[in-house]
Amino acid sequence: MVSRHVAAVQRRSPNELALMARAGEIAAAALARALEAIEPGVSTSAIDRAAEETIREAGAVPSFLGFNGYPASTCISINDVVVHGIPSEHVRIEEGDIVGVDVGAIYKRYHGDNAATKAVGEAPAEALRLLQVTSECLALAIEQAQAGNQLRDISSAVQEHAEGAGYSVVRQLLGHGIGRQMHEPPQVPNYYSPGEFAEYELTLRPGMVLAIEPMINVGGPAVKVDVDGWTTRTADGSLSAHFEHTVAVTKNGPRVLTPRS
Ligand code: MG
């Protein structure tokens, strides 16, 4: 189904951007703490608790908890899990895993959202290359978040880099606008398929805020969802990585609202 219409994309005032920057900073601190907690033998629930504690100590609220019934504050996605892995006491990190953590925070009604994927100990060379390429996809996409560019410049940047490395872009899941809702217009595809999304022709303007989040697979692009209704895996069992930042378009260029030191 081709959508010809892009719902109105909000443009945030300087005051709103200041609140979103604080939300982003908290989300980034939660992500950093979660990534630090990742080591062999740790349960994904323990990692989730560390992130949630960081959010609450900062006076914010986890974006994900209760979202469409989601039961945790983070998504923790291991190896062939692309996104939306549910933290569990029964899932423990193993040496050589790649572990994606996605976490969002709400501060004074505004959301920040970010994700990163980390290798645990001695991971296979292909896994390390996937992480490198996927983080580069995000960096290249952020460079395109310039006033006057079209949204498809972001989409193409991800696709060209990922496919140039021999990998594929997940097509069934998209980045998104973000603000007072975690998911707002526009949708932000990580590939450019002319005519598929009206968003491609959206001209980026100062004050627009996007959650840019490439999801890249070593194998094919197809994904499948587990019976839990959330856990999304590569259909072919290949490794997948995910990196995300919340990025404001400003007159001075892209501003990452979820910076990690
Ligand atoms: Mg997101």
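When the residues of segment 20-69 are filtered to those that are out of contact with any Lys or Arg (no Cβ under 9 Å at 6 or more places or on another chain), basic (Lys, Arg) and buried (at least 16 other Cβ atoms within 10 Å of the Cβ), the one that is farthest from HIS242 (Cα to Cα) is ARG49.
Filter segment 161-183 down to residues that are away from the ligand (no atom under 15 Å from the Cβ) and under 15 Å from the mean Cα position of the chain (by Cα) and give me whichever is farthest from ILE142 (Cα to Cα). The residue in question is ARG171.
I'd like the full set of residues that are within 16 Å of the ligand (Cβ to nearest atom) and of a type in the set (Val, Ile, Thr), limited to segment 232-252. Walk me through how you get there before you give the answer.
Going through segment 232-252, the residues within 16 Å of the ligand (Cβ to nearest atom) turn out to be 232, 240-248.
Matches in segment 232-252: THR232, THR246, VAL247.
Could you list, in sequence order, the residues of segment 113-140 that are farther than 20 Å from GLU25 by Cα, in contact (Cβ under 8 Å) with a residue 24 or more places away in the chain and in contact with a helix residue (DSSP H, G or I) (Cβ under 7 Å, 6 or more places away or on another chain)? Don't jump to the end; show me each part of the working.
Start the filter on segment 113-140 by keeping residues that are farther than 20 Å from GLU25 by Cα, which leaves 119-134, 136-137, 140.
Remaining after also requiring in contact (Cβ under 8 Å) with a residue 24 or more places away in the chain: 120-124, 126-127, 129-131, 133-134, 136-137.
Once the filter is applied, which keeps residues that are farther than 20 Å from GLU25 by Cα, in contact (Cβ under 8 Å) with a residue 24 or more places away in the chain and in contact with a helix residue (DSSP H, G or I) (Cβ under 7 Å, 6 or more places away or on another chain), segment 113-140 yields VAL133, GLU136, CYS137.
The residues of segment 109-126 that are of a type outside the set (Val, Ile, Thr) and either under 23 Å from ALA50 (Cβ atoms) or crowded, with 22+ Cβ neighbours inside 10 Å (or both), listed by number, are TYR110, HIS111, GLY112, ASP113, ASN114, ALA115, ALA116, LYS118, ALA119, GLY121, ALA123. The condition of being modelled with pLDDT of 95 or more and not in a loop (DSSP other than H, G, I, E, B) holds for only one of PRO259, PRO206, PRO194, PRO185, that being PRO185. Report yes if LEU138 is under 27 Å from LEU19 (Cβ atoms), crowded, with 23+ Cβ neighbours inside 10 Å and not aromatic (Phe, Trp, Tyr), otherwise no. Criteria met by LEU138.
Number of residues in segment 71-110 that are closer than 28 Å to GLN132 by Cβ and either under 15 Å from the mean Cα position of the chain (by Cα) or among the β-branched types (Val, Ile, Thr) (or both): the value is 22.
Mind listing whichever residues of segment 70-106 are in a strand (DSSP E or B), within 16 Å of the ligand (Cβ to nearest atom) and surrounded by fewer than 24 Cβ atoms within 10 Å (Cβ to Cβ)? Show your work before the answer.
Of segment 70-106, the ones in a strand (DSSP E or B) are 74-78, 81-83, 92, 98-106.
When the remaining residues are screened for being within 16 Å of the ligand (Cβ to nearest atom), the result is 74-77, 81-83, 100-106.
Hits for segment 70-106 are VAL83, ILE106.
Scanning segment 213-261 for residues that are acidic (Asp, Glu) and farther than 21 Å from GLN181 by Cβ, we see that the one that is surrounded by the fewest Cβ atoms within 10 Å (Cβ to Cβ) is ASP228. Each residue in segment 1-60 was checked for being more than 22 Å from GLY100 (Cβ to Cβ) and among the hydrophobic types (A, V, I, L, M, F, W, C), and 12 of them qualify.
Going by the conditions given, is ALA18 assigned to a helix (DSSP H, G or I) and under 17 Å from the mean Cα position of the chain (by Cα)? Quick ask: steps written out before the conclusion?
Details: assigned to a helix (DSSP H, G or I): yes; under 17 Å from the mean Cα position of the chain (by Cα): no.
Spelling it out, it is not the case that ALA18 is assigned to a helix (DSSP H, G or I) and under 17 Å from the mean Cα position of the chain (by Cα).
The values are calculated or read from the model by the stated rules, or taken from the named source; none is laboratory data. Source: prediction; values computed, not measured. Using ideal geometry, Cβ is built from the backbone for each residue, glycine included, and neighbour counts are taken over all protein chains shown.
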